[in-house]
Structure formats: structure tokens, C-alpha cells
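The values are calculated or read from the model by the stated rules, or taken from the named source; none is laboratory data. Note that the coordinates shown come from a computational prediction; the quantities given were computed from them, not determined experimentally. So basically every Cβ, Gly included, is an ideal-geometry build from the backbone, and we count neighbours across all protein chains shown. In case anyone asks, the SASA skips ligands and DNA or RNA and just uses the protein heavy atoms, side chains included. Shrake-Rupley method; radii C 1.70, N 1.55, O 1.52, S 1.80 Å.
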Amino acid sequence: MAQWQKLVEGEVVVTITGKSNTVQYDGTEKSVSGYDVTITQNNDGDTTYTKDDFTFSGTAEAKGTDVKEGGYSMGLKAENFANTNSQFTHVTFVVVDGKLTIQPRTVTMTSGDATKPWDDTALTNDTVTVTGDGFVEGEGATYTVTGSQKDVGESNNTFDYKLNDNTKADNYKITRVFGKLTITEKAEVPYTLIFDA
């Protein structure tokens with residue numbers, strides 16, 4: 001490769017690239033482990049440097065359960081790797097750390113719509129539905145619907161929510177959508193004229 005053309009005779013560059021993975025939060029622990037090895041060397045005769053010529057002291061694993069900014073790093077470092085082949089005295093380890101990324105679930109909370117003719121009483125609808133990826137089993141929220149419409153017209157069916165104690169906000173990307181409460185004009189009551197004979 002062009003970037004290693006200036007390697008001196010017998011010089012070896014070992015590039016360690018930690019495995020990476022991206023998953024969606026589901027309430028269980030996730031992990032990614034292992035690393036890939038790329039070896040570039042200026043051959044000294046027929047001698048070839050291999051994976052068997054160095055040791056690794058460390059843990060090539062990243063694990064986590066919750067969404068975390070920046071993800072979970074393996075923590076691989078060059079000093080975790082050591083050359084064990086005395087025939088090679090110029091061995092350099094270049095490390096690209098591995099990482100586990102847990103993405104939040106999408107949750108859309110939508111309050112219900114409702115319509116009725118004016119009757120001088122308030123129109124409400126306490127229904128809230130959850131769509132998108134939804135909450136993990138055993139997690140969720142409680143809702144307080146505050147929307148109300150009494151006069152002819154339309155308004156948002158507003159509501160607030162509170163996540164359950166075991167439900168972490170960072171694990172979810174939550175969107176609220178307000179339904180509509182609509183009062184229409186009072187319907188005309190048909191009547192019949194009755195004439196005395």
C-alpha cells in the first residue's frame with residue numbers, strides 16, 4: 001500500500017480495528033466483541049509477520065443496556081498488544097477502538113379525536129394511543145388528558161405524560177401528537193305543524 005512504501009526493511013505495522021455494532025434499545029444487555037487485524041510490512045526476505053507473532057492482553061468487548069451518548073467503547077489501546085517474534089524489531093501497533101451503539105426507540109403518543117353537535121356540555125376524549133417502535137414490555141407512561149371543547153369550534157386535545165419509574169427518557173425518542181376536539185352547530189330539530197280540524 002502506498003502509505004507504507006517508506007517502511008524500513010523489516011518494519012511491520014499491525015492495524016487493530018475493533019468490531020462495532022449498532023442496535024436498538026430493547027431493555028436487554030447487548031454486546032460486541034473481537035477485532036480485525038491488518039498487517040503491512042516491508043518483507044525481510046521470505047519472512048512474513050502474522051497474527052501469531054503478537055499477544056493481546058485486554059478485553060475486546062463493549063457491552064451495555066441503555067442508550068448512551070457516544071456509545072460504549074471497548075477501550076482498546078496499542079499497549080494491549082505486544083510483539084513476540086524476536087525476528088521483527090520494528091513492530092508498530094495502530095488501534096482503532098471498537099464500539100457498541102444503542103439507539104433509542106421511537107414512540108409517538110397521539111390523543112384521540114372527537115366530534116359532536118353543540119349541547120352546552122364539554123367534549124373530551126381521554127384516549128391516548130402509542131405507535132412507532134413502542135415501549136419495551138414492562139415500561140411505559142401514564143397520561144393526563146387536559147383537552148376540552150365546549151363552544152362551537154375546534155381545539156387541540158392536549159395531554160401530558162409521565163414516564164414510569166422504570167422507564168428512562170434517554171432510551172426513547174418521544175413525539176406527542178394532539179388530536180382534535182370539534183363542536184359543530186346544534187342540529188336543527190324538525191317539527192310538525194298540527195292544525196285543529
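Return yes or no: is Asn85 modelled with pLDDT under 95 and within 30 Å of Ala62 (Cα to Cα)?
It is true that Asn85 is modelled with pLDDT under 95 and within 30 Å of Ala62 (Cα to Cα).
Looking at Thr65, Thr48 in this structure, which one is of a type in the set (S, T, N, Q), out of contact with any Phe, Trp or Tyr (no Cβ under 6 Å at 6 or more places or on another chain) and modelled with pLDDT under 95?
Going through Thr65, Thr48 in turn, the sole match is Thr48.
Are any residues in region 47-65 open to solvent by 70 Å² or more (accessible area, probe 1.4 Å), over 30 Å from Lys173 (Cβ atoms) and among the charged types (D, E, K, R), and if so, which ones?
Hits for region 47-65 are Lys51, Asp52.
With respect to Ser155, determine if the residue is of a type in the set (Ser, Thr, Tyr), surrounded by 17 or more Cβ atoms within 10 Å (Cβ to Cβ) and more than 30 Å from Gly58 (Cα to Cα).
No; evaluated as a whole, the condition is false for this residue.
I'm trying to understand the selection: among the residues of region 25-46, which are of a type in the set (D, E, K, R), surrounded by fewer than 14 Cβ atoms within 10 Å (Cβ to Cβ) and not in a loop (DSSP other than H, G, I, E, B)?
Within region 25-46, just Asp36 meets the criteria.
Output yes when any residue across region 57-77 is more than 27 Å from the chain's Cα centre (by Cα) and closer than 13 Å to Val91 by Cα, and no when none is.
No, region 57-77 contains no residue that is more than 27 Å from the chain's Cα centre (by Cα) and closer than 13 Å to Val91 by Cα.
What are the pairs with Cβ atoms under 7 angstrom where one residue, in region 136-161, is more than 14 Å from Thr110 (Cβ to Cβ) and the other, located anywhere, is at pLDDT below 95? Sequence gap at least six, or different chains.
Val152/Glu185
When you go through Thr115, Thr110 one by one, which is the residue that is under 30 Å from Glu185 (Cα atoms), out of contact with any Lys or Arg (no Cβ under 7 Å at 6 or more places or on another chain), surrounded by 14 or more Cβ atoms within 10 Å (Cβ to Cβ) and modelled with pLDDT of 95 or more?
Thr110
Quick check: is even one residue across region 66-78 open to solvent by less than 70 Å² (accessible area, probe 1.4 Å) and of a type in the set (D, E, K, R)?
yes
Check off (1) modelled with pLDDT of 95 or more; (2) out of contact with any Ser or Thr (no Cβ under 7 Å at 6 or more places or on another chain) for Phe54 and give me the number that stays unchecked.
(2)
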